[in-house]
Amino acid sequence: MNKIKKKLLDLINNSPEMLKNYIFDLENGQSSVDIQRSVFMEEDNKMLKRKLKEEKEEIIKKDFIKKVVKWQETNFGENEVSKNIFGLMEELGELAHAQLKGEQKVRFTSKQFLEMKKDAVGDLVLFLIGYCVAQKFDFNKCLKNSWNVVKRRDYKKIKKIRGNKRK
């Protein structure tokens, strides 16, 4: 009975239209048990839709991750943590190099630097995927979990509290 009361309160607060339908169904002879079933089935459907939406919102699809891992194993042998760490470091160095030389405006054109930076970012992500697979981490979960923590931080507020001591 407690679950039904909670559902009715939820309907009153959040879904007045659904509550009107519930009352209409009661007035027209539909049993409260049937109505309760339909209300709970609707809630279950909403939950399933949310779950499906979350699965569609994968940042990087699982089949893409499998392709990356297969390619890495074909080209570099067994997927090892250290190979991915060294690859990350190398690509981060390439990104830093392209950024530095681009700011100095030496050796290449702006367009070439842009392409070099894009290439390095893509390579970094590929090595991160390999690292996550080698560690048995879910890349998408790692990213989502970090985002859920970081998005709540207010760095401007923290900077004011510290009094701009870091420059």
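Of note:
- Hey, Val68 hydrophobic (A, V, I, L, M, F, W, C), at pLDDT 70 or above and closer than 20 Å to Asp119 by Cα or not: yes
- Taken over the range 80-92, the residue count meeting the criterion of being buried (at least 17 other Cβ atoms within 10 Å of the Cβ) and either under 10 Å from Val133 (Cβ atoms) or among the hydrophobic types (A, V, I, L, M, F, W, C) (or both) is 2.
The values are calculated or read from the model by the stated rules, or taken from the named source; none is laboratory data. This one's a predicted model, so the numbers in the text were calculated from it and none came from an experiment. Glycine gets a Cβ as well: all are built from the backbone with ideal geometry, and neighbour counts include every protein chain shown.
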